[in-house]
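The values are calculated or read from the model by the stated rules, or taken from the named source; none is laboratory data. Computed from a predicted structure; not experimentally measured. Note that each Cβ is placed from the backbone with ideal geometry, even for glycine, and that neighbours are counted across all protein chains shown. Each accessible area value is taken on the protein alone, full model and side chains, heavy atoms only, with ligands, DNA and RNA left out. Shrake-Rupley method; radii C 1.70, N 1.55, O 1.52, S 1.80 Å.
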Amino acid sequence: MMGRLCKPLVLLVPLGVAMGLGNFDASAQTLLPPSDDIPEEMLQVQAPLQFHSPQSGLPQSPNAYAQEQQQLRIAPQDVPAQLAPEVQQAAELLRIRKVLKVFLPFL
């Protein structure tokens with residue numbers, strides 16, 4: 001039974017490959033993009049030249065955008081602690097326990 005199915009497949013596969021290769025040269029030229037088309041990889045690498053303000057959404061120059069970003073940046077030490085006193089105390093105790101565990105591993 002298996003021999004009957006394999007013989008036609010063995011004959012049809014090379015025939016299909018040969019027919020596909022015959023049309024390969026003509027169809028390859030139609031599949032290429034136009035020569036003036038910029039590849040997407042190049043577009044992703046290019047730096048943006050237009051910037052928009054994060055506050056107002058209006059277009060800005062690169063220098064004005066950089067200045068606004070600098071003004072909006074907040075240093076981590078300027079942000080007040082937002083934790084409840086109980087949570088701060090628990091965190092401090094865990095830090096102490098971590099240090100003590102180096103010397104007393106059974107804690």
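A compact table of results
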item: Some residue of segment 94-104 being part of a loop (DSSP other than H, G, I, E, B), modelled with pLDDT under 85 and open to solvent by less than 100 Å² (accessible area, probe 1.4 Å); result: no
item: Check on Ala66, at pLDDT 85 or above, open to solvent by less than 90 Å² (accessible area, probe 1.4 Å) and more than 30 Å from the chain's Cα centre (by Cα); result: no
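Residue-by-condition table, conditions (1) aliphatic (A, V, I, L, M); (2) in contact with a Phe, Trp or Tyr (Cβ under 9 Å, 6 or more places away or on another chain):
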| site | (1), (2) |
| --- | --- |
| Asp36 | no, no |
| Glu41 | no, no |
| Gln44 | no, no |
| Ser53 | no, yes |
| Val79 | yes, no |
| Val87 | yes, no |
| Ala90 | yes, no |
| Lys98 | no, no |
